[in-house]
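> This is the structure, below, for whatever I ask next.
The values are calculated or read from the model by the stated rules, or taken from the named source; none is laboratory data. A quick note: this is a predicted structure, and the numbers were derived from the prediction, not measured. Quick reminder, even Gly has a Cβ in these numbers, built from the backbone with ideal geometry, and neighbours come from all protein chains shown. Just so you know, the surface numbers come from the protein's heavy atoms only, side chains and all, with ligands and any DNA or RNA stripped out. Shrake-Rupley method; radii C 1.70, N 1.55, O 1.52, S 1.80 Å.
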Amino acid sequence: MSTDPNTEPDTPDQPDAPLPKRRVLLLAVIAPLVLALDLVTKIIAVENLEGREPIELFGGLLYLPLIRNTGAAFGLAEGWTVILALIASGVVVFILWIARRLRSVGWAIGLGLVLGGAMGNLVDRIFRGPGPLRGGVVDFISVLDPWGNFFPVFNLADSAICVGGGVIVLMALLQRDYDGTRVEKKSSEKKAGA
């Protein structure tokens, strides 16, 4: 048993050890679940909110407007739909590539949320009008203001990306890497090998 405080008991010592399938399975369950929830809520929003004034909920705490966003999150990069679709595609490919070395539950959760959210918004950019790679993302949740003047209008995919990003930042602050090792341990191993 190691007395080194920088090791995890369930972490393989060898980076090339067999891939723990449950970490990849966790990512493989979270991402499609986020994608499905995002698509279903967007379909419901389009069917019920198109051409209507925003619906007020909880005494004005939330509003449900329907916005087609051709920019990035929070209304940035308006009209860069093709570039944003290509970036989202790159994020999806990168997460799928990194999944083969995924050995951390926290990273699996964070990457699963980001992957599902990126795919949800990418589906809108590819399949919604006015055409492939030019479609507007359906946003329909607004906080404290019906038109996003307090906080930008968003959707479930955006929420998943933000929460997933937060989990990834937390893992980085805790010095946990996606392969299950601690950043301190990697640094000390590199110094020892030099």
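For every residue, the table says whether it meets (1) open to solvent by less than 40 Å² (accessible area, probe 1.4 Å); (2) out of contact with any Gly (no Cβ under 7 Å at 6 or more places or on another chain); (3) at pLDDT 95 or above; (4) part of a loop (DSSP other than H, G, I, E, B).
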residue	(1), (2), (3), (4)
Thr3	no, yes, no, yes
Glu8	no, no, no, yes
Asp13	no, yes, no, yes
Arg22	no, yes, no, no
Val40	no, yes, yes, no
Tyr63	yes, yes, yes, no
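> I need a count of the residues in the range 142-170 that are surrounded by fewer than 21 Cβ atoms within 10 Å (Cβ to Cβ), outside any loop (DSSP other than H, G, I, E, B) and out of contact with any helix residue (DSSP H, G or I) (no Cβ under 6 Å at 6 or more places or on another chain).
7
> List, please: which pairs have Cβ atoms under 6 Å, are six or more places apart or on different chains, and start with a residue in the range 42-70 that is within 26 Å of Val82 (Cα to Cα) and free of Cβ contacts under 8 Å to residues at least 40 places away in the same chain and end with one that is open to solvent by less than 90 Å² (accessible area, probe 1.4 Å) and not aromatic (Phe, Trp, Tyr)?
That search, which allows pairs on different chains as well, returns Glu50/Leu66.
> Right, here's the next one. Identify, please: which residue in the range 102-133 is in a loop (DSSP other than H, G, I, E, B) and touching a Pro at 6+ places or on another chain (Cβ under 9 Å) and is, among those, least open to solvent (accessible area, probe 1.4 Å)?
My answer is Leu102.
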